[in-house]
Amino acid sequence: MATAEKLNWDPEFTPWHTPMEMLDLGIMQDAYYFPATKGLPSKYTNHPKALKRGDEKDPKQNRFGVASRQSWDEWKRKGWLHPEDPAGWIEWYFKYYEGRRLPKEDQRQIKRWKSFIARHQAQIVHSGQLKDLDARKKQRQALLHWAWDSTKEFTAENRKKALDRILKTAAKPKPALAEESLKGSMLW
């Protein structure tokens, strides 16, 4: 089994879902994801649930059947998008999972991920509705978008399970890709 060290995978980053699982479950209500398809493997951009430019957004395609995010324009306005990953966190995660490493950006995104999961998962847990998939659908959809299973508490035990699970399929680091990406080239 691959280790976090072998994959140069930050052990603090413990997503429950792989990118493909996220797509299979339903996260792409909208085409905000596609301005960056130059950089993503076609297995993601050609996924049957991935909308293409010009498709109508349809929150019913999401796992929980609800819209759960702000618009891409709002993300740009708030400064959440960076040149390396113009489609935001999701693009960063897909590329990280595929082996790209950008140390400074990786740390920024992992910090955002951890904060988001801890905050929203705690709200679901404290509501007493952890296993009720009909409760708190917007938060559950958002957590799925951030690669976490909303039926799992964000505990050290579950984070270890998630890390062990994700390391089984994540790609080995590709240092040359990281170096090129830092130069502004979109090799992905």
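Each of F154, F94, F116 was scored by other Cβ atoms within 10 Å of its Cβ. Listed from fewest to most, they are F116, F154, F94. Cross-link pairs exceeding 29 Å between alpha carbons, from the set K111/K138; K60/K152; K60/K168; K111/K172; K60/K95; K137/K174: K60/K168; K137/K174.
Stretching the chain fully between S115 and N46 yields a gain of 21.8 nm (0.36 nm per residue, less the alpha carbon separation). Each residue of the stretch 150-164 was assigned a 3J(HN,Hα) from its phi angle through the Karplus expression (A = 6.51, B = -1.76, C = 1.60, θ = phi - 60°), giving 5, 8, 10, 5, 8, 9, 4, 5, 5, 5, 5, 4, 5, 5, 4 Hz with x at Gly and Pro. The residues neighbouring L25, those whose beta-carbon lies less than 10 Å from its own, together hold a net charge of -1 under the Lys/Arg +1, Asp/Glu -1 convention. If a spin label sat at a point 7 angstrom from the Cα of T155 along the line to its beta carbon, the backbone N atoms of the stretch 106-136 nearer than 14 Å would be those of 122, 125-126, 130-131.
Bear in mind that the values in this text are calculations on the coordinates, not laboratory data. All of these numbers come straight from a predicted model, not from anything done at the bench. Neighbour counts run over all protein chains shown; Cβ positions are idealised from the backbone, glycine included.
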